[in-house]
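Each remark here refers to the structure printed beneath this line.
Nothing in this text is a laboratory measurement; each read-out follows from the coordinates by a stated rule. Note that the structure is predicted; figures quoted are calculated from it, not measured. In this analysis, Cβ positions are derived from the backbone assuming ideal geometry, glycine residues included, and neighbour counts consider all displayed protein chains.
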Amino acid sequence: MKFIFGAGLFFLGIIALSASIFGLIFYGLGAYFFHTDGIEINLEQKTYRNTLSLFSLTFGKWKDLPKIEYISVFATTQSTKVRALTAETTVKKAVIKVNLFYNTNRKIEAFVTEDTQKAFDVAKEIATVLNIDVLDATERESKWL
């Protein structure tokens, strides 16, 4: 949906730019819808970076991965507010997050998905490379894998 809005605003910017300077505003809004945030982890070099991608260009500074103590896989709810002119609602969806914990309670959010098995596959792959444990916090009672 973001892509459709972005493409529409970008196209509208092209049309509006020929008529007025307001086309730049539509270009900017279109670019906003085309951007994505994320994280990249290089397990071979033990580095990571928070990324901002725009039109297939990825930006972000590589940092050394801190000494990770364990990986947590847990279920949570992600909320998004949707607003119209006269109404507002909150849309919630269940997601599974994979977090890397270091310095007792500091975390790096490594992965978010709706697929539980995919989250555990990613967590086990990272845990194998870093030689650390995985905490399954998807159920009421947490357990170490």
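Observations, loosely collected:
- Between Asn131 and Ile15, the FRET efficiency estimated from the beta carbon spacing at R0 = 41 angstrom works out to 0.15.
- Förster radius 35 Å - calculated FRET efficiency between Thr36 and Glu141, Cβ distance, rounded to 0.05: 0.50
- Pairwise alpha-carbon distances in the chain exceed 23 Å for 53% of all pairs.
- More than 18 angstrom apart: percent of Cα pairs within segment 67-144: 46
- Straight-distance candidates among the lysines for linking to Lys63, with alpha-carbon spacing under 23 Å and chain neighbours fewer than 8 residues away dropped: Lys46, Lys97, Lys107, Lys124.
- Span-like helix ranges in the chain, DSSP H, alpha carbon extent 20 angstrom or more, Kyte mean at least 0.0: 2-19, 116-130
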